[in-house]
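Here's the structure we're looking at; comments come further down.
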Amino acid sequence: MRTDRCGLATIFFLLIGCLAAGAAQAAQSPVYTAALQLITGGVAGQTSYSHPHPVGLLPYKPASITRVPSNIGNAKYGEIHFGPADHPTDFVILSYTTANNLPVTIVDDNHNGDLTDDKPVDWKPVHFKGFNGTTLTRYIGSTVLDVPYKSGTVQMPLQLILPAKDPSDPNSAAEGDTLLYVPDYLRKGSVSLNGVSYMVMLYDSMARGDFRPNLSAGFGGTWLLIDVNHNGVIDQRGETYEVGKPFNIAGTTYNAVVPNASGSVLIITHSSKQVPVVLPPPNLAPGNAAPEFTAVTMTGRKVTFPQDYHGKWVILYFWGSWCPDCAQQNPYMERAYAKFHNRGLDILGVSIDQANFAQQVKAYTHNNNMDWPEIYDGKMWDATLAQLYFMRLIPTPILVDGTTGKIVAGRDELLHKSLDETLTRILAGHP
C-alpha cells in the first residue's frame, strides 16, 4: 500500500490549525458573565481615578436651544457630549450671573431644547486662598442627565465644578470661562473566578457615558476594579485594571469585555496572553495575618517572621534615619522596649534608607538606643519588606502576636503616647 506524503502533511497542518483555532476559541469563551448595578451619588471624590472634563463656555446659543429663561444677561453656553460613543447626546449648558454676582447654571438634562423646564444647579460655595492670598470661591454642584441607550434611557449623575476666576493670577485670563464635570456613578457587581467570589466595579473615569474601552489605544477610559484581598476597598496596586488589557488573578490571566455602552454587563474570559500577577496590598487591620517573610538582620542573623517570635509580642517597625517624624517616634519605641521587653515584647526594625548607607544606619540606631534587630537592604521604598507590606508612610509600627501570627494593633494605636497605652492594655495579663 502506497503512502501519499503530501496528503499526510496536509492533514497534519490542518489538524494543527484546528487545534490552534480551538485553543483560541477556548481562550475567548466566557468564564463568568455578571449583571452590574448602576450606583449613583456619592461616587465623585471617593476615587482617585476621576479626570475632570472641561467644558468651554462661550456667548453663543446652540441652534438646538429653543427656549431660555427670560431676563438673563451675559449668558454663556457649553455642551456636554455624553452617551454611547457611536451616537452621543449633546446636553447644552447655560451659565450666567445674577445682579448679586452669583452664578446660575442650567443643564438641558432632558435634551429637549427647552432650558426653562430644567432645575438650576444647586451650587455650594467653597472658599480658598488664591494666587495672592485673596479669598476666592469655587462652586460644587451636580446634575442628572437623561441618557438614551439602546436598552432605554438611564439617568446618569455628574458632579459639576465651577472654577474660581482669580484676577491676580496671570494665567487666569488665558483659561477662559469653563465648567468641569466628573462622573458620579459606577457599575457594581460580583464575579466568581476559580470558585472564588470577588466584588467588582466598572468606572467610567473620563465621564464619557460609555463604559466600553474606546477612548484610545493607550488608555481605553474604563477601569475594572476588583477587591482581590476582600477588604472592602479598592487598592491601586493589584486591584485596578484597564478594561481591554489582560490581568492576572491568583495565577490565571483573564480579559474583561464590556459589550454595551451602559456597562450593565461584564464578561470575563480567559486570555490567550500571559501577564504576571500583581499582588494587592495586604490587609493590615487588626485580626488579619501579618505577611510572612524570611530576612537577614544587619548583624547577619536569619529571621523567620513571625514564627521566630512564638510566645511573644513583636512590633514590626518601619522607619528611616532621614525621617523627622521617625525621630519623634523613636524615643517612644525606646521606652516601650525598655519597659515591656521582659514581659515578652520584641521589636524588629525595617530601615527605609538609601543604598550604601549601612554604616550610617548602624550609627543612628546605636546613638538612639535602638537596641533591637534591624533589617536593611538599601532600596528605600523599594525595599523587599516595604513592597511586601505596601509601605507608603513612615513611621509605621505594627504589633503582631508571635504565636498566632495575627496583627493585634496598627499604626494609629502605636504612635507616640498611644504606644504605651496600647501595650499596657494588651500586655496587662503578662507580668
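The values are calculated or read from the model by the stated rules, or taken from the named source; none is laboratory data. A quick note: this is a predicted structure, and the numbers were derived from the prediction, not measured. When we count neighbours, we look across all protein chains shown, and the Cβ atoms used for this are built from the backbone with ideal geometry, even at glycine.
Taking only the range 192-237 into account, find how many residues are among the small types (Gly, Ala, Ser), within 14 Å of ALA85 (Cβ to Cβ) and in contact with a Gly (Cβ under 8 Å, 6 or more places away or on another chain). Of the residues in that region, 2 qualify. With respect to (1) modelled with pLDDT of 95 or more; (2) crowded, with 21+ Cβ neighbours inside 10 Å; (3) of a type outside the set (Val, Ile, Thr), the lone exception for LYS302 is condition (2). Of the set (1) at pLDDT 95 or above; (2) of a type in the set (Gly, Ala, Ser); (3) buried (at least 17 other Cβ atoms within 10 Å of the Cβ), all apply to ALA35 but (3). Identification of strands (runs of 3 or more DSSP E) wholly contained in the range 172-221 with 1 or more residues that are among the charged types (D, E, K, R) and closer than 29 Å to ASP109 by Cα yields 185-193, 196-204. If a residue must be of a type in the set (A, V, I, L, M, F, W, C) and at pLDDT 95 or above, how many such residues does the range 385-408 contain? Adding up the residues that qualify gives 5. Counting residues in the range 120-137 that are farther than 30 Å from THR222 by Cβ, modelled with pLDDT of 90 or more and not in a strand (DSSP E or B) gives one or more.
Per-residue answers, yes or no, for (1) part of a strand (DSSP E or B); (2) within 23 Å of THR396 (Cα to Cα):
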{"residue": "TYR254", "(1), (2)": "yes, no"}
{"residue": "THR269", "(1), (2)": "yes, no"}
{"residue": "GLN274", "(1), (2)": "no, no"}
{"residue": "ALA295", "(1), (2)": "yes, yes"}
{"residue": "GLY300", "(1), (2)": "no, no"}
{"residue": "GLN329", "(1), (2)": "no, yes"}
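Summed over the range 175-211, the residues that are within 22 Å of GLU79 (Cα to Cα) and more than 17 Å from the chain's Cα centre (by Cα) give a count of 11.
Scanning the range 386-410 for residues that are within 22 Å of the chain's Cα centre (by Cα) and not polar (S, T, N, Q) returns ALA386, LEU388, TYR389, PHE390, MET391, ARG392, LEU393, ILE394, GLY410. Looking across the range 237-274, the residues that are in contact (Cβ under 8 Å) with a residue 24 or more places away in the chain and within 14 Å of the chain's Cα centre (by Cα) come down to ARG237, GLY238, GLU239, THR240, GLU242. In the range 226-236, the count of residues that are in contact with a Phe, Trp or Tyr (Cβ under 8 Å, 6 or more places away or on another chain) and either touching a residue at least 60 places away in the same chain (Cβ under 8 Å) or assigned to a strand (DSSP E or B) (or both) is one or more. Identification of helices (runs of 4 or more DSSP H) wholly contained in the range 356-431 with 3 or more residues that are over 25 Å from GLN307 (Cα atoms) and either free of Cβ contacts under 8 Å to residues at least 24 places away in the same chain or of a type in the set (Lys, Arg) (or both) yields 358-367, 417-426.
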